[in-house]
Number of protein chains: 4
Amino acid sequence: MTTTVVVGNPKPGSRTLDAGRLLAEALTGRPADHVIDVITLGSGLLAWGDEAVAASVRVVQESSLVVFASPTFKATYTGVLKLFLDQFAGGTGLRDVVSVPLMLGAGPAHAMAADLLLKPVLAELGGTCALPGLFLLDSTYAEDGKIAEYAERWAGVATALTKVS
Amino acid sequence: MTTTVVVGNPKPGSRTLDAGRLLAEALTGRPADHVIDVITLGSGLLAWGDEAVAASVRVVQESSLVVFASPTFKATYTGVLKLFLDQFAGGTGLRDVVSVPLMLGAGPAHAMAADLLLKPVLAELGGTCALPGLFLLDSTYAEDGKIAEYAERWAGVATALTKVS
Amino acid sequence: MTTTVVVGNPKPGSRTLDAGRLLAEALTGRPADHVIDVITLGSGLLAWGDEAVAASVRVVQESSLVVFASPTFKATYTGVLKLFLDQFAGGTGLRDVVSVPLMLGAGPAHAMAADLLLKPVLAELGGTCALPGLFLLDSTYAEDGKIAEYAERWAGVATALTKVS
Amino acid sequence: MTTTVVVGNPKPGSRTLDAGRLLAEALTGRPADHVIDVITLGSGLLAWGDEAVAASVRVVQESSLVVFASPTFKATYTGVLKLFLDQFAGGTGLRDVVSVPLMLGAGPAHAMAADLLLKPVLAELGGTCALPGLFLLDSTYAEDGKIAEYAERWAGVATALTKVS
């Protein structure tokens, strides 16, 4: 099973990336195979046909489970993450990929964004979005126990699906 | 595996009910075990503690897979369906139930409602919402092939999950 | 200018009602002319053609400004409120009514529900939804200052629109 | 009254831009004062502090009415548009700007996106989002009469608000 973390933070090497890694490992029991820090793909994201972008899209499509991680900007996912998702084919771009929406925010007011706003985009791309959106506080995610609690509840579902897919 | 169809149409015996049955059978290969036509529960829905309502809630909770079917009223699910869902416990009320959102409408303009609006309520109740929301035209659902197409794509996922749960 | 508060709490005389009254008064400078505590309409809500329900619909339609107030159930508005909204005509049922979405919750996690979920239903009914959804904590709304802050920011917009309508 | 059209299509000079212009003119009776074709801002969008991006943000903030126009990508607005919106301050970035959400799509299935997905971002930025989201077919918007119908219904509201703001 190949697992990947996609990170949509305009700042490379962010806490969003760290939280994504922690979640992927908690769900699968081992480190993610790939991390795609979208911002490092640079201006190729603004057009179609960039080779590095296309290679990253393929890495995602060949994964069994992918965590899509974003900070909360304007009460939803970032433009940077959406730019990358816009590179996938509608309906089939995430076919058979167990797609896990993860968002981080400074406070709890935007807790619904992962489930209401990010998950539908992944579903539109054909991903298997069986796990609920997870929203974490960016100041406490590393030690507040929410990643472990989520993984305990949902790892079985993720595993069952990565075998089907 | 026990399967149930929950129908939130103010009119009993509706096309919504028929479509729900067809979908449950397409996903599992056999007729649904239970159909709950919510409106027939009557005014007990407007309070807490009604015995018939509570019995229906238990039927849902003891099912492996439940289709939640609603016509589209005001661009979303009906008040009748939501009344019934309000009777479940938040976070756990649909735990381990593979919960499939189904909506019917007169035209395509509200096609996003099943995924964007009905599915999040089922997710909030703790359901395993692995399948995308399905939106059908109420005039053509019985023969337009969309139920079969959806079942072909998603029955494997549903089956894998009803074994886990 | 006639103002009305519509309350979708299954319990009559709720804090939701109280908060709705406070908001209407803060926005207009005087008490609401009408309060419709939906649950008191009883089982007529479950069908079409009930006279008391129809009279309440007319009160709303003849108002310039209406606060639609709901507690948060399952991360969204209640079935009771939606039952009442289902009685309005799509597209025109709230025409020229400045329609203000208000939700109360026990904690901040569902703060997005008023804007993302309740407001679109009012918009679908043709209401003039110029004010953002307001979400209040049910334990502190009476004294946390959020109603006054919201009214200070948006009363001018509401007033300008009730003159146009 | 200064009016602006913001266009979030990855292709410059798009039909999205054309539709945005038509809508702004229909609402106000004269051509838009400014058109910001976001993609032409280039890679400055991917960082903070770019001067051309900041100048465009100011143009928006100094406008009375702004049409935010996007094609539908993955059932929602584009990453390009969101990149630009991410440059505004949360809560106040669109204060006193009558903000009109416009989306174009190839078919009717995503008609809810303008109201459910784009409008909440503009509301989060503090815009006065009094007009409903408008969704147009990209093949027929120029002659199907929907822009005129929308303008006839909502121009009065827009005008009343641009005087208040």
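Brief remarks on what is shown
- Average partner coverage of D:43-49, which counts Cβ from other chains inside 10 Å: 4
- Ordering of B:63-70, B:21-28 by packing is B:63-70, B:21-28, highest average first (other Cβ atoms within 10 Å, averaged per residue).
- Over chain A, Cα pairs under 8 Å with separation of 6+ residues give a relative contact order of 25 percent.
- Span per principal axis, largest first, for the Cα atoms of the protein assembly as shown (Å): 61, 60, 50
- Note on A:6-12: average number of Cβ atoms from other chains within 10 Å of each residue's Cβ is 1.
- Among A:44-53, A:87-96, the order from most to least packed when residues are scored by Cβ within 10 Å on average: A:87-96, A:44-53
- Anisotropy class assigned to the stretch D:58-159 is oblate, per the alpha carbon gyration tensor with a/c at or over the 1.5 cut-off and a/b no larger than b/c.
- Anisotropy class of the stretch D:1-129 from Cα gyration tensor, a/c 1.5 cut: rounded
- Whole-Hz couplings from phi, Karplus 6.51/-1.76/1.60, listed for the stretch A:23-36; x for Gly and Pro: 5, 4, 5, 5, 6, 10, x, 8, x, 4, 6, 9, 10, 10
- Whichever aspartates and glutamates have a C-alpha closer than 17 Å to that of B:Lys119, once near sequence neighbours (fewer than 8 apart) are set aside: A:Asp115, A:Glu124, B:Asp86, B:Asp96
- Structure-based [θ]222 nm, chain C - -39500 (n - 2.57) summed over DSSP H runs of at least 4, per residue, nearest 500: -10500 deg cm²/dmol
- Amide hydrogen proximity for B:Phe135: with H placed 1.01 Å from N in the peptide plane, the residues at 5 or more positions away or on another chain lying under 5 Å are B:Met103.
- Under a 5 Å amide H cut-off, with hydrogens placed 1.01 Å from N, D:Gly126 pairs with D:Gly91, D:Leu94 among residues at least 5 apart or on other chains.
- Annotation for B:Lys146 and D:Asp144: the two label points, set 7 Å from Cα along the Cα-Cβ direction, are 1.7 nm apart.
- Charging the Cβ of each Asp and Glu at -1 and of each Lys and Arg at +1, and nothing else, the dipole of the stretch A:1-63 about its Cα centre rounds to 180 debye.
- For D:Ala54, inter-copy label distances in nm, listed shortest first [label point 7 Å out on the Cα-Cβ vector]: 3.8, 6.3, 6.5
- For residues of B:119-131, the mean tally of beta carbons on other chains within 10 Å: 6
- Share, in percent, of DSSP beta bridges within the stretch C:3-164 that are antiparallel, nearest 5: 5 percent
Values quoted throughout were computed directly from the atomic coordinates according to the rules given, and no laboratory measurement underlies them. Not measured: the values here are computed from a predicted model. Here the Cβ is made from the backbone with ideal geometry for all residues, glycine too, and neighbour counts use every protein chain on show.
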